[in-house]
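Notes follow the structure.
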Amino acid sequence: MRVFADGADLDGIRALAADAGIAGFTTNPTLMRKAGISDYERFAHDALALVGERPISFEVFSDDHADMERQALKIAGWGDNVYVKIPVTNTQGVASEDLLRRLVAVGVKVNVTGLMTLEQVEKVADAVAGDVPSNISVFAGRVADTGVDPVPLMTSALAIMAEAAPSAELIWASPREVLNIVQADQVGCHIITVTHDLLKKLSLLGHDHTRFSLETVRMFHDDASAAGFTL
């Protein structure tokens, strides 16, 4: 499984671009807005200059499929390593499969985003079938937010894609904790997108629990002392 860094902070992208363990990059308009990005195209070209030949995804932001197509073709022209993020539907719930077929037909690498059901996976896999590389991003973290275990969903998604769209790769999107990285690897996900903040927690992978317990107790004590609490 490959780890893609998910974020829009150029300093963070620069630092992670020096990490050989980061296989690619993704971003989205929400992350860009939080990072204070106002010039989309300038940000994209700055990011491309940092990541080298590794894949990077940029998302369309129109809500009209015809205009999404125009934006997608422009974004795809920024580099051979660019994947264009296309939402699984627009905000009215109108599916994007026809748009995906048109883009794939002209060689655009797409990253279909926002999926949360197997029905969506089936339809998208059919739409991107062929030889053009593509990503299907299933938001396993958001599924887990609803109290549902995403592991069976991701396992089934892999089986659907293997038959319908073998050139597509499954992304475990929106992970919430390091455990999700382990889960994604165990089910055979091709890629997991990890935020810069969550990447900082990777050093805890396999950390001794007794030692971690003592570190936690010491943290509580140090914070209480620093706060000057008295009883």
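Quick notes
- Subset of the stretch 192-201 that is in a helix (DSSP H, G or I) and not aliphatic (A, V, I, L, M) - its residue that is most open to solvent (accessible area, probe 1.4 Å): Lys200
- Among residues of the stretch 11-41, those that are among the aliphatic types (A, V, I, L, M), assigned to a helix (DSSP H, G or I) and either in contact with a helix residue (DSSP H, G or I) (Cβ under 6 Å, 6 or more places away or on another chain) or on the phi > 0 side of the Ramachandran plot (or both), counted: 2
- Qualifying residue in the stretch 47-55 (condition: of a type in the set (A, V, I, L, M) and assigned to a loop (DSSP other than H, G, I, E, B)): no
Condition check ((1) part of a helix (DSSP H, G or I); (2) buried (at least 22 other Cβ atoms within 10 Å of the Cβ); (3) free of Cβ contacts under 8 Å to residues at least 24 places away in the same chain; (4) on the phi < 0 side of the Ramachandran plot) across all residues:
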{"site": "Asn111", "(1), (2), (3), (4)": "no, yes, no, yes"}
{"site": "Gly114", "(1), (2), (3), (4)": "no, no, no, no"}
{"site": "Gln120", "(1), (2), (3), (4)": "yes, no, no, yes"}
{"site": "Gly130", "(1), (2), (3), (4)": "no, no, no, no"}
{"site": "Ala144", "(1), (2), (3), (4)": "yes, no, no, yes"}
{"site": "Ile160", "(1), (2), (3), (4)": "yes, no, no, yes"}
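- Whichever residue in the stretch 16-43 is β-branched (Val, Ile, Thr) and surrounded by 12 or more Cβ atoms within 10 Å (Cβ to Cβ) and, among such residues, is nearest to Asn135 (Cα to Cα): Thr26
- The listed residue being open to solvent by 60 Å² or more (accessible area, probe 1.4 Å) and touching a helix residue (DSSP H, G or I) at 6+ places or on another chain (Cβ under 6 Å), out of Arg218, Arg176: Arg176
- Among the residues of the stretch 6-48, those identified as farther than 18 Å from Trp78 by Cα and of a type in the set (S, T, N, Q) are Thr30, Ser38.
- Residue-level check: of (1) crowded, with 22+ Cβ neighbours inside 10 Å; (2) out of contact with any strand residue (DSSP E or B) (no Cβ under 8 Å at 6 or more places or on another chain); (3) not β-branched (Val, Ile, Thr), Ser96 misses just (2).
- Consider the stretch 202-231 and keep the residues that are assigned to a loop (DSSP other than H, G, I, E, B) and closer than 27 Å to Leu16 by Cα. The one that is farthest from the chain's Cα centre (by Cα) is Asp208.
- Any hit, the stretch 71-83, residues being in contact with a Phe, Trp or Tyr (Cβ under 7 Å, 6 or more places away or on another chain) and open to solvent by 40 Å² or more (accessible area, probe 1.4 Å): no
- One residue from Ala47, Ala72, Ala18, Ala35 being among the hydrophobic types (A, V, I, L, M, F, W, C), free of Cβ contacts under 8 Å to residues at least 40 places away in the same chain and farther than 22 Å from Ala173 by Cα: Ala18
- Condition met for Ser137 (in contact with a Gly (Cβ under 6 Å, 6 or more places away or on another chain) and closer than 23 Å to Gly21 by Cβ): no
The values are calculated or read from the model by the stated rules, or taken from the named source; none is laboratory data. Because the structure is predicted, anything quoted here is derived from the model rather than measured. Here the Cβ is made from the backbone with ideal geometry for all residues, glycine too, and neighbour counts use every protein chain on show. SASA here: full protein model, heavy atoms, side chains in, ligands and nucleic acids out. Shrake-Rupley method; radii C 1.70, N 1.55, O 1.52, S 1.80 Å.
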